[in-house]
Amino acid sequence: MASTLRDLLIQRAARLQSQAALSTPDWGTLSYAQLRNRVEGVALGLLSREVPSASFSSTHTPWDWAAELAVAASGLVWDPAGQTMPSDTFGGARFNHEDGRGPYHAREQVVQATTPFSAGLDQGELMLRLRRLNTKLGWDHTSRIDLPLARLGEAPLRAALWSALYAGAHAVLIAETPTTAKRFFTRFQSAPQAWDAEPFLGFWNA
C-alpha cells in the first residue's frame, strides 16, 4: 500500500495503466500511464534547475495540477509563497529535461511519509486523510468525477483531485462558468449532482 503521495502516483499508474485518469478541455483524456508521464516530465524540468525550498504554479490551467503532482513526487513543498515554476517546465524546453532524470530517480530514496508537502502537512498525514475521506466518498476506479476547472486553485478542488487519484477514479475538469451547475458521479449515483465542496473543507487544515 502506498505510504507517500509519490508512491500513490506510481502505483495508480502501474495498476490502472490504460484507464482514464484525467480529462481537460486542452488535453483531452489522459490515461493513468500518460498522466504519470506528464507529471514526471514536469518533475524532470523542475529538478533540472537549482531546487527551490518551495514551489508553486498558478496558471489557471491543468498544468497546475500536473505541477502539484510533480512537486509531491519530487518530495518538495507546495506553497503559494514558494517560487513560481517557470513556464518552460510546462511542455517547453525544460519539460522532460534529461538533467532532471537522475535527481528525480534519486528522490525515491528521499521521499518518506514524514516528508513535508503542503500547509504544514507531511505526505504520510495526507495519505491518512485521503484514506479516511475515500471511505466517506465511496469513490473507486469505476467513478467519474466532474469538477469545475474555474476553481482549480481552490483548496477543496485540490482535495477532490487528490481524492480522485487515491480512488483511481476518472477526474474530468469542466470548463464552465463558476455559476454553472457542476457534477460528480460515483458508482452509487446515476443522476448528476451540483459540485459540493463540503466534503473537502478543512482537508488541508494543519
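The values are calculated or read from the model by the stated rules, or taken from the named source; none is laboratory data. Since the structure is predicted, the reported quantities are computational estimates derived from the model, not experimental observations. Methodologically, a virtual Cβ is constructed for each residue, glycine included, from the backbone with ideal geometry; neighbour enumeration extends over all protein chains shown. SASA here: full protein model, heavy atoms, side chains in, ligands and nucleic acids out. Shrake-Rupley method; radii C 1.70, N 1.55, O 1.52, S 1.80 Å.
What are the residues in region 67-84 that are charged (D, E, K, R) and open to solvent by less than 30 Å² (accessible area, probe 1.4 Å), if any?
First pass over region 67-84, keeping only residues charged (D, E, K, R): 68, 79.
The one that is charged (D, E, K, R) and open to solvent by less than 30 Å² (accessible area, probe 1.4 Å): GLU68.
So how many residues does region 110-129 have that are in a loop (DSSP other than H, G, I, E, B) and surrounded by 15 or more Cβ atoms within 10 Å (Cβ to Cβ)?
Initial filter on region 110-129 (in a loop (DSSP other than H, G, I, E, B)): 110-115, 119-120.
Retained after the next criterion (residues that are surrounded by 15 or more Cβ atoms within 10 Å (Cβ to Cβ)): 111, 113, 115, 119.
Total satisfying the criteria: 4.
A Cβ distance below 6 Å, combined with a sequence gap of six or more or placement on separate chains, defines the contacts here; from region 133-154, residues that are polar (S, T, N, Q) reach residues that are open to solvent by less than 70 Å² (accessible area, probe 1.4 Å) and assigned to a loop (DSSP other than H, G, I, E, B) in the pairs SER143/ALA169; SER143/THR186.
Listed here are the residues, each with its yes/no results for (1) surrounded by 13 or more Cβ atoms within 10 Å (Cβ to Cβ); (2) assigned to a helix (DSSP H, G or I); (3) among the acidic types (Asp, Glu); (4) modelled with pLDDT of 50 or more.
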| position | (1), (2), (3), (4) |
| --- | --- |
| GLY153 | yes, no, no, yes |
| LEU161 | yes, yes, no, yes |
| TYR166 | yes, yes, no, yes |
| ALA171 | yes, no, no, yes |
| THR177 | no, no, no, no |
| ALA181 | no, no, no, no |
| PHE184 | yes, no, no, no |
| PHE188 | no, no, no, no |
| ALA191 | no, no, no, no |
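Across region 136-150, the number of residues qualifying as open to solvent by less than 70 Å² (accessible area, probe 1.4 Å) and not in a strand (DSSP E or B) comes to 7.
Of these, HIS60, HIS97, which one is touching a helix residue (DSSP H, G or I) at 6+ places or on another chain (Cβ under 6 Å), surrounded by fewer than 22 Cβ atoms within 10 Å (Cβ to Cβ) and not acidic (Asp, Glu)?
Details: HIS60 fails: touching a helix residue (DSSP H, G or I) at 6+ places or on another chain (Cβ under 6 Å).
Answer to the check: HIS97.
Taken over region 21-32, the criterion of being surrounded by fewer than 16 Cβ atoms within 10 Å (Cβ to Cβ) and not β-branched (Val, Ile, Thr) is satisfied by PRO25, ASP26, GLY28.
Let me confirm something: among SER55, SER48, SER87, SER18, which residue is surrounded by fewer than 23 Cβ atoms within 10 Å (Cβ to Cβ) and over 20 Å from TYR104 (Cα atoms)? First the steps, then the outcome.
Details: SER55 fails: over 20 Å from TYR104 (Cα atoms); SER48 fails: over 20 Å from TYR104 (Cα atoms); SER87 fails: over 20 Å from TYR104 (Cα atoms).
So the residue among SER55, SER48, SER87, SER18 that is surrounded by fewer than 23 Cβ atoms within 10 Å (Cβ to Cβ) and over 20 Å from TYR104 (Cα atoms) is SER18.
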